[in-house]
Amino acid sequence: MSNKDFYDEDEIIDSIVNDRTPNMTEDFQGNQWKNANRRPNIHLQPAGCTHQVGCGCFDMRKFFTNFLIYSLVLMVTAGLFPGFYLASIPAAIRASLTLTLLNTFVKPFIIFFTFPLTIATLGLFYLIINGIIIMTTARMMGDDFVISNFFTAFFAAIFISLLQHFIKKHLLKVDQL
């Protein structure tokens, strides 16, 4: 990149004082034209939300998809793990609703307050947070959803995360959920 690609400070000041356009190189003029004619990104989302991390908006489609996936994954997990008990299909649906609500509204706060510990353990504490969320769901459900101990919840949380990721990526082909 040469010095011709930039404005000269004296030239800019002179152009402001004398109300004239400063001398620009062709590359700079081309970039200015591209930027001026760029179309704005139009999203059909509330108040300019682009669904980036931490945008603060609520996506009902994502919530409902996670709810359905958790219902399926919890039933599969109950069939595979001996210390993981779900009483019935309606209990699995209630547990998945509770788990989805906890993951949506409570888990971000837990992750925020334990971020230094997660960094110190190179991300392994995040797995413990997942186990805590599943144990909390079981405690809230009572006798309909029972987990024998924390280690069962910990390994079930790992299995649930992997199965949920597989379903979203390979079966539903969803990239941003």
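Only a single criterion out of (1) surrounded by 10 or more Cβ atoms within 10 Å (Cβ to Cβ); (2) at pLDDT 55 or above; (3) under 15 Å from the mean Cα position of the chain (by Cα) is not satisfied by ARG61, namely (1). The set of residues in region 140-177 that are of a type in the set (Ser, Thr, Tyr) and in contact (Cβ under 8 Å) with a residue 60 or more places away in the chain comprises SER148, THR152. Candidates PRO108, PRO90: the one that is surrounded by fewer than 19 Cβ atoms within 10 Å (Cβ to Cβ), closer than 17 Å to SER71 by Cβ and not aliphatic (A, V, I, L, M) is PRO90. Within the option set MET75, MET135, being within 18 Å of LYS168 (Cβ to Cβ), touching a strand residue (DSSP E or B) at 6+ places or on another chain (Cβ under 8 Å) and assigned to a helix (DSSP H, G or I) holds for one residue only, MET75. Among the residues of region 120-139, those identified as in contact with a Leu (Cβ under 8 Å, 6 or more places away or on another chain) and touching a residue at least 24 places away in the same chain (Cβ under 8 Å) are ILE133, ILE134, THR136, THR137. Put simply, of LEU117, LEU124 the only residue that is closer than 16 Å to SER161 by Cβ, touching a helix residue (DSSP H, G or I) at 6+ places or on another chain (Cβ under 9 Å), surrounded by fewer than 16 Cβ atoms within 10 Å (Cβ to Cβ) and in the same structural domain as ALA95 (by TED's automatic domain parsing) is LEU124. Test of understanding: among LEU80, LEU72, LEU99, LEU68, which residue is touching a helix residue (DSSP H, G or I) at 6+ places or on another chain (Cβ under 6 Å) and either modelled with pLDDT of 85 or more or in the same structural domain as PHE166 (by TED's automatic domain parsing) (or both)? Only one candidate qualifies: LEU99.
The values are calculated or read from the model by the stated rules, or taken from the named source; none is laboratory data. On a predicted model such as this, the values are computed, not experimentally measured, just so you know. FYI the Cβ positions are ideal-geometry reconstructions off the backbone, even for glycines, and counts take in every protein chain you see.
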